[in-house]
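Written below as structure tokens is the structure these notes are about.
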Amino acid sequence: MASSELHAPREEEVRHEHPTPRKYVWIAIILAIITAAEVAIYYVRALEDFLVPFLIAFALIKFIMVALYFMHLKFDSKLFRRFFVTGIVLAFFVFTVVLLTFFLRPETPGVTG
Amino acid sequence: MATHPAAVSPQPAHEEHLTSTGLDNVKMAMWAFLGSECLFFGSFISTYLLYRNRTNGGPDPAHIYDIPFTSVSSFVLLMSSLTMVLALAAIQRGDERGMRTWLFATAFLGMTFIGGQIYEFTTFYEEGLKLTTSPFGSSFFVLTGFHGAHVSVGILMLLALVGMSLAGRLSQADARKVELVGLYWHFVDIVWIVIFTVIYLVPTE
């Protein structure tokens, strides 16, 4: 059997288009602005009550932008995305359970005190 | 989104090992490795969150962190991701000189970040925060230390790529090698995005 028959094109094989260097620079500028905003709101007393949600939202946006554009997850095979997302979800789930276990059980030997 | 013509279909690298999925198994292994690294760093971040208020009378996070300084370090590492992706774009269009320039810029920014981390650790040590001072100190130094170790390994890989290119052993057909090192480098960057927010910016009780 010819090797071409063994390797019939499938979705995962399709190479998608990568951004241009100019687009990469724009993405970096956006990331820099978000970082500046993160640091700025850290010092704004009026936003104290909303600081944590804002910071988490900004970090999430930066994380996703780097993963999608610089790591090319937006353009590469979905299988690569699944590997990475599985690791993130698993880490988030396991360590949320661990943190909740410790924080919800005050008798746990001095962790939070 | 506009695209770069040379980046539309990178040259099939001769070292690319296709599997029955049609995907490069080395790249797949790198993504599996990065997925496992999420658990690795997740464990250290969780440990820090558990112990950050246990200072044993030593320095506490609110008083010891120098946010303006760490913000500059974060910016430097973030920009190194840009230079890294520009290095990949350069080799994909066959611009070896451009690739070397961007790779070296990435390594330089990485070294600047590590220099900043050494300065920060030294300052903390002088202010009384050591690895054994408190659970806060231990969890902070272990987390950021392991991240710094990852950045250092990345710098070595970047310099190795520059050396290979100078020796004529890294051409457009080997773009996949640059891409793999790039994935590792960007991962180190996104881990720092989380560390910077959760460890430095989110206030303690």
Of all residues in region B:186-205, how many are more than 7 Å from every other protein chain (Cβ to nearest Cβ) and out of contact with any Pro (no Cβ under 9 Å at 6 or more places or on another chain)?
8
Inside region A:42-59, can you point out the residues that are more than 9 Å from every other protein chain (Cβ to nearest Cβ) and of a type in the set (A, V, I, L, M)?
A:VAL44, A:ALA46, A:LEU47, A:ALA57
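For (1) more than 8 Å from chain B (Cβ to nearest Cβ); (2) farther than 21 Å from A:GLY87 by Cα; (3) at pLDDT below 95, each residue gets a yes or a no:
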site: A:ARG10; (1), (2), (3): no, yes, yes
site: A:GLU13; (1), (2), (3): no, yes, yes
site: A:LEU31; (1), (2), (3): no, yes, no
site: A:PHE75; (1), (2), (3): yes, no, yes
Please determine whether any residue of region B:105-120 is of a type in the set (Phe, Trp, Tyr), within 28 Å of A:PHE92 (Cα to Cα), more than 9 Å from chain A (Cβ to nearest Cβ) and assigned to a helix (DSSP H, G or I).
yes
What pairs come out if I take residues in region B:32-56 that are over 26 Å from A:PHE83 (Cα atoms) and facing another protein chain (nearest Cβ under 8 Å) and pair them with residues that are crowded, with 21+ Cβ neighbours inside 10 Å and among the aromatic types (Phe, Trp, Tyr) whose C-beta lies under 7 Å away, six or more apart or interchain?
B:TYR51/B:PHE136; B:ARG54/B:PHE136
Just wondering, is there one or more residues in region B:127-134 that are more than 17 Å from the chain's Cα centre (by Cα), part of a helix (DSSP H, G or I), acidic (Asp, Glu) and more than 14 Å from chain A (Cβ to nearest Cβ)?
no
Does region B:164-194 hold any residues that are touching a Lys or Arg at 6+ places or on another chain (Cβ under 6 Å) and among the aliphatic types (A, V, I, L, M), and which are they?
B:ILE193
Selection from region A:41-60 of residues of a type outside the set (Gly, Ala, Ser) and surrounded by 15 or more Cβ atoms within 10 Å (Cβ to Cβ) yields A:ILE41, A:TYR42, A:LEU51, A:PHE54, A:LEU55, A:ILE56, A:PHE58
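The values are calculated or read from the model by the stated rules, or taken from the named source; none is laboratory data. Just so it is clear, the model here is predicted, and its values are computed rather than measured. For neighbour counting, all protein chains shown are included, and Cβ atoms are generated from backbone atoms with ideal geometry for every residue, glycine included.
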